[in-house]
Amino acid sequence: MFQRFHTRLLPVIVVGAALFTTSAALQKRVQKKGPADFPTTLRAAGEAWESGAYGACVRELKAALGLATERRAQELREAMPPAPEGWQVEPDRSANANQNPFGAMLAVGIGNIVERKYRQKSGRGNVSCTLTADSPLVQMFNMWLANPAMLDANSELIEYGVHKAVLKKQGSGFNLQILINGAHTCEVNAQGGVSEEQLFAMFDQRVVDRLAKVLGT
């Protein structure tokens, strides 16, 4: 009886094994691609150009530009002033959102906008900074520099060496707009009892020079 059962079962096992082997042969694990790097992407753009694949060349160039733009954003975040004693830097959610290809490609269209917020640990003080590369506010700054009389009574021009700024009293706080390398702006809003001295100690000449070095002309 055992022999008959084994004989009948054998074809089923063989067929099942064959199906399993065929199914396994059809499956293929896709290797995960590592993060794109600038030299490889630029090299791929050059190869596409040489082969006449101009659509692929444009895609690779956009990807390379996105990588360069995001790297600049990282450098700008590192160049921001550290939190003073008794203060803390709030978590930067925008930085995490940009760590993907879609964020990098978006940066190509809008340029670098880097934000940083500081909050006093014991107190109401808070400072927010928005750094915009290739800022559309440059034209307004140039008008102020050409005709300071356009500034209102609560505003004054500030010099950071070759870089210019406008300090404006806003209620109990301050708004500081810095023009860097004549092309980029750093806008700082300080509220909650932050004094001028505290504001300028945080955003001093060294910080502006660091940002200017990363931003370039």
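Those residues that are over 21 Å from the mean Cα position of the chain (by Cα) and open to solvent by 60 Å² or more (accessible area, probe 1.4 Å), I need them from region 41-67; list them, please. Once the filter is applied, which keeps residues that are over 21 Å from the mean Cα position of the chain (by Cα) and open to solvent by 60 Å² or more (accessible area, probe 1.4 Å), region 41-67 yields ARG43, GLU47, TRP49, GLU50, SER51, TYR54, VAL58.
Considering only residues in region 145-172 that are in contact with a helix residue (DSSP H, G or I) (Cβ under 9 Å, 6 or more places away or on another chain) and among the small types (Gly, Ala, Ser), the one that is nearest to LYS117 (Cα to Cα) turns out to be ALA165. When LEU19, LEU61 are screened for being assigned to a helix (DSSP H, G or I) and either touching a strand residue (DSSP E or B) at 6+ places or on another chain (Cβ under 6 Å) or modelled with pLDDT under 90 (or both), only LEU19 passes.
Residues that are open to solvent by less than 20 Å² (accessible area, probe 1.4 Å) and within 20 Å of the chain's Cα centre (by Cα) within region 193-215 comprise VAL207, VAL208, LEU211, ALA212, LEU215, listed in sequence order. For region 115-166, a residue qualifies if it is under 25 Å from GLN88 (Cα atoms) and in contact with a Ser or Thr (Cβ under 7 Å, 6 or more places away or on another chain), and the qualifying residues are GLU115, LYS117, THR132. If you go through region 163-192 and keep only what is at pLDDT 95 or above and either of a type in the set (Asp, Glu) or exposed (fewer than 13 other Cβ atoms within 10 Å of the Cβ) (or both), you end up with just GLU187.
If the condition is being free of Cβ contacts under 8 Å to residues at least 24 places away in the same chain and of a type in the set (D, E, K, R), then region 119-170 contributes ASP152, GLU156, GLU159, LYS164, LYS168, LYS169.
The values are calculated or read from the model by the stated rules, or taken from the named source; none is laboratory data. Bear in mind the structure is a predicted one, so any value in this text is a computation, not a measurement. Positions of Cβ are backbone-derived with ideal geometry, glycine not excepted, and every protein chain shown enters the neighbour counts. Areas reflect the complete protein model, heavy atoms only, side chains present, ligands, DNA and RNA absent. Shrake-Rupley method; radii C 1.70, N 1.55, O 1.52, S 1.80 Å.
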